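Asks: Sharing a structure with you now.
All of the numbers you see were taken from the coordinates with simple rules; none came from a lab. None of the values given here were measured: they were computed from a predicted structure. As a convention, Cβ positions derive from the backbone with ideal geometry for all residues, glycine included, and neighbour counts pool all protein chains shown.
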There are 2 protein chains.
Amino acid sequence: MASVSAVPAPDASAPSLKVSEADCSTNGRAGCISSFKAADSVIELAPRREPKPDLTNLVFGTVFTDHMLTIEWTSSGGWQKPHIGPFRNLSIHPACSALHYAIQLFEGMKAYRGPDNVLRLFRPLLNMKRMLKSAERACLPSFDVEELLECIRRLVQVDQDWVPQSDSASLYIRPTFLGTEPSLGVKKPSRALLYVILSPVGSYFSTGAKPVSLWADPKYIRAWRGGTGDCKLGGNYGASIYPQYEAVDFGCQQVLWLYGEDHQITEVGTMNLFLYWVNEHGEEELATPPLDGVILPGITRQSILELTRKWGVFKVSERYLTMADLRCALKEDRVKEMFGSGTACVVCPVGRVLYQGENLLIPCLGDCPPLASRLLKELTDIQYGRTPNDWAYLV
Amino acid sequence: MASVSAVPAPDASAPSLKVSEADCSTNGRAGCISSFKAADSVIELAPRREPKPDLTNLVFGTVFTDHMLTIEWTSSGGWQKPHIGPFRNLSIHPACSALHYAIQLFEGMKAYRGPDNVLRLFRPLLNMKRMLKSAERACLPSFDVEELLECIRRLVQVDQDWVPQSDSASLYIRPTFLGTEPSLGVKKPSRALLYVILSPVGSYFSTGAKPVSLWADPKYIRAWRGGTGDCKLGGNYGASIYPQYEAVDFGCQQVLWLYGEDHQITEVGTMNLFLYWVNEHGEEELATPPLDGVILPGITRQSILELTRKWGVFKVSERYLTMADLRCALKEDRVKEMFGSGTACVVCPVGRVLYQGENLLIPCLGDCPPLASRLLKELTDIQYGRTPNDWAYLV
């Protein structure tokens, strides 16, 4: 895969690229304010792959569809035309800033096939807006979020046969945005590549929606104020893998990320976290940490907050939660449920937290306790179109 | 450069690679303890590029030599044979973990041509050891540091004509190590690519060794305890570019990175930092922040500490320094010099720090004050072989 033998030798100096007609005025450090347009898309169809790989028992993110979307940008020429073409390797300069300085970001979203055979995305404009925010932090150029969404809709249409016929599977969509500056100065890239690949997926966790165990140790920090934890930059993820294996060494499945002297609870693995409990004032409360810069603003997180606030059956809070709060509440039998939320798993119950040598057992009736179950059902009913809702976006 | 049109379509599932004969037993989370061997290197010569690009007035890291070193690894087959071949684009799977999760790291070192026409590296084994440490943190496989150094020595020999004939220029060496897992799960990669490219360079800063101005604002944090600031991972650098442009907006050239409630001084841009002053106890002291997890352990930093300790003419300390310490010392006229250190610039004097709306002027006799000048001279004398020293490693 990483073999270089099939690639023609580039000119070692920056090669020239065809320049689009786009008018390109600069806008702060993000570069060009003009955007590509979905209407300019060029589609180059790949040969149909038949038979398709078996779409049952898929390992997350290992199988890809026939096509991908690529859109190139240069500081001098602005955005080029979107291109939907065969899925293939990228030809990347060895000095590329995405490879040396992690000038890279991504998004994660899904296309769902409903029982009506209609394909739907879930609140995709929120992903596009978060992607634009990540791009600004990474000093990558801005773009029109509606145009990117329309490009992605077209890509999914081209590969619509790849969306599984199953209510436990979907087509994972991975927009990716790289700085492709071909030189080693640590600076805003003069070239960039936005691309989108598609991968049919089953359940994220091989165990399904069973409760996960968490390892909570303050010695590793996922993100910090003044850093990039609120953006979906690659660097936030690579740094998490080493602690993840340490969690496994301690017999846990995921890391519960803590922060600060008081061991604030922030996120779980690559998910946001919710605690459903009777709080210190005796109120029934669904709580999740606030968006203070160290928390990824998850679309599922936001949707759970909005749904439960609409229900109006318990208090819903964005507030700080510490390990001391959790331990005390467990002792006093005030914890009802704890779960992670994310695009990959929707909701994922937590059954146990290993903290300072002590196993904290979280109540977990059956495999998925009542609130997590209700949220999982309401959200997937919207995603698969079983419940009409304007959060669903038709492909 | 980022065009995908010239690359053949990969199989979307993981392609098989030829497997080396290396015995591969696993060693914790870093994977395989066996290493490639320099003696197994395969050399494929590129056509000689004549005439070479003009090697004067080089912009840092924009021009590359004719060859590169690549070494592939898979979890099943271990390390393959080192390959020195033509400089060319990499063919990279679009789901590659180096592009999505920043599973990537690099090193920076230089080859110098002395007046005796001999090529030397500067303490290169320290770079190799730091690279191995970064690899462990990034969950990339381990390797034998001596073998990698010997591979690099051979690469530099092949491209020896590219080492400039100048005592203000050198051949920058950029070892790079990527996770090339072709799937989207956030996990230890099952494939990796180590490669090395070479770039003839002049002075890092376009202004030469003139004093730089720094912007010190606690709102951005470079690294955090429990993070990866003590490893040379790509994610540490990409996140620094946005603040760097904010520094420029405030009329400064680089960021002075602060940490903690007490605004500890940590690093400058991509350099370590030294303060030469009369400290709070009236002692003449050269001080730099300690390696407590947020500081990159620079080779030039270590060399400056070792050299000045050997001189024995003032106290040399690894200690915390806060902005309050600096401001107070400036008021009391106790600051002699401040400078950054790094492979790119060797030493780089600081002339001004903008902090909380106040311009703190650092004494800077001439363009390069006495201690910075002496260190620059002693270090470059060793690097260019004008002073014999076992820190120089002959190519």
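Asks: Kindly put A:Met338, B:Met109 in sequence by how many other C-beta atoms sit within 10 Å of each C-beta, fewest to most.
Replies: By the 10 Å Cβ count, ascending, the order reads B:Met109, A:Met338.
Asks: Sticking with this structure for a sec: Apply the Karplus parameterisation 6.51 cos²θ - 1.76 cosθ + 1.60, with θ equal to phi minus 60°, to every residue of the range B:134-147 and state each ³J(HN,Hα) to the nearest whole Hz, in sequence, with x for glycine and proline.
Replies: 4, 4, 4, 5, 8, 6, 9, x, 7, 7, 8, 5, 5, 5
Asks: Measuring from the lowest to the highest alpha carbon on each principal axis, how far does the protein assembly as shown reach, largest first, in angstroms?
Replies: 78, 62, 57
Asks: Here is a further query. Tell me, what is the percent relative contact order of the range A:132-222, built from C-alpha pairs under 8 Å that lie six or more residues apart?
Replies: Value for the range A:132-222: 26 percent.
Asks: Let me ask something else about it. In terms of the ratio Rg/(2.2 N^0.38 Å) built on C-alpha atoms, what value belongs to chain B?
Replies: 1.03
Asks: I'd like the distance between the alpha-carbon centres of the range B:95-138 and the range B:337-377, rounded to an integer number of Å.
Replies: 26 Å
Asks: On to the next question. What are the nm distances, shortest first, from A:Ile43 to its equivalents in the other copies, labels at 7 Å along Cα→Cβ?
Replies: 5.3
Asks: OK, next. For peptide B:183-193, how many partner chain Cβ atoms fall within 10 Å of a residue's Cβ, on average?
Replies: 5
Asks: Can you sort A:Tyr245, B:Tyr172 by how many other beta carbons sit within 10 Å, fewest first?
Replies: The order, fewest Cβ neighbours first, is A:Tyr245, B:Tyr172.
Asks: Take every Cα-Cα pair in the range A:249-300 and report what % of them are more than 12 Å apart.
Replies: That fraction is 70 percent.
Asks: Note down the nm distance, to one decimal, between modelled labels 7 Å out along Cα→Cβ at A:Leu125 and at A:Arg225.
Replies: Those two pseudo-labels are separated by 3.3 nm.
Asks: Would you mind getting me the FRET efficiency between A:Glu246 and A:Ala324? Use the beta-carbon distance for r and R0 = 30 Å, nearest 0.05.
Replies: Once the sixth-power term is evaluated, E becomes 0.85.
Asks: Just to be sure I follow: if Rg is taken over the C-alpha atoms of the range B:196-303 and Rh is the Kirkwood radius over the same atoms, what is Rg/Rh?
Replies: 0.97
Asks: Quick one, can you get me the convex hull of the C-alpha atoms of the range A:98-137 expressed as volume per residue in Å³?
Replies: About 62 Å³ per residue, rounded to a whole number.
Asks: Looking only at Cα atoms, what is the convex hull volume of the range A:242-395 per residue, in Å³?
Replies: Working: hull volume 20.5 nm³, N = 154.
Considering the Cα atoms of the range A:242-395, their hull volume per residue is 133 Å³.
Asks: Quick one: with label points 7 Å out along Cα→Cβ, list the inter-copy distances for A:Asp333 in nm, shortest first?
Replies: Copy-to-copy label distances for A:Asp333: 7.4 nm.
Asks: Something else about it: Check cross-link reach from A:Lys52 to the lysines: straight Cα distance under 21 Å, and skip same-chain residues fewer than eight apart.
Replies: A:Lys110
Asks: Here is a follow-up. Based on the Cβ-Cβ distance of A:Val118 and A:Glu306, what FRET efficiency does E = 1/(1 + (r/R0)^6) give at R0 = 22 Å, to the nearest 0.05?
Replies: 0.40
Asks: Within 10 Å of each residue's Cβ, count the other Cβ atoms and sort B:His281, B:His100, B:His67 from fewest upward. Each step should come with its number before you reach the end.
Replies: Details: B:His281 7, B:His100 27, B:His67 24.
Ordered by Cβ neighbours within 10 Å, fewest first: B:His281, B:His67, B:His100.
Asks: To continue, here is another question. Once you've got the Cα coordinates, tell me which of A:Lys188/A:Lys219; A:Lys187/B:Lys188; A:Lys37/A:Lys129 are over 21 Å apart. Provide the component values of the computation, followed by the final result.
Replies: Details: A:Lys188/A:Lys219 32 Å; A:Lys187/B:Lys188 29 Å; A:Lys37/A:Lys129 16 Å.
Check vs 21 Å cut-off fails for A:Lys188/A:Lys219; A:Lys187/B:Lys188.
Asks: Taking the label point 7 Å from Cα in the Cβ direction, how far apart in nm is A:Glu284 from each other copy of itself, listed shortest first?
Replies: With the label placed 7 Å along Cα→Cβ, A:Glu284 yields 7.5 nm.
Asks: So which residue of A has the beta-carbon closest to the axis that swings A onto B, and how many whole Å away?
Replies: Per the Cβ-to-axis criterion, the result reads A:Gly235, 1.
Asks: Report the relative contact order of chain A, percent, no decimals, based on alpha-carbon pairs under 8 angstrom and at least 6 residues apart.
Replies: With pairs under 8 Å counted, the relative contact order is 17 percent.
Asks: Further question: How far apart, in nanometres, would the label points at B:Glu50 and A:Val59 be if each is projected 7 angstrom from Cα along the Cα-to-Cβ direction?
Replies: Using points 7 Å along Cα→Cβ, the separation is 5.1 nm.
Asks: Could you please report the charge total around B:Leu360, scoring K, R as +1 and D, E as -1 over all other residues with beta-carbon less than 10 angstrom from its beta-carbon? Please report the intermediate quantities before stating the final value.
Replies: On the way: positive: B:Arg327, B:Lys331, B:Arg352; negative: B:Glu358.
Summing Lys and Arg as +1 and Asp and Glu as -1 gives +2.
Asks: Let me ask another. Counting helices only, and only those DSSP H runs with n ≥ 4, report the 222 nm mean residue ellipticity of chain A as the sum of -39,500 (n - 2.57) divided by its residues, in deg cm²/dmol to the nearest 500. Can you show the working numbers first?
Replies: Working: 8 runs with 81 residues, N = 395.
Computed mean residue ellipticity for chain A: -6000 deg cm²/dmol.
Asks: For A:Lys310, which lysines qualify as cross-link partners when the Cα separation must be under 18 Å and same-chain residues fewer than eight apart are set aside?
Replies: A:Lys377
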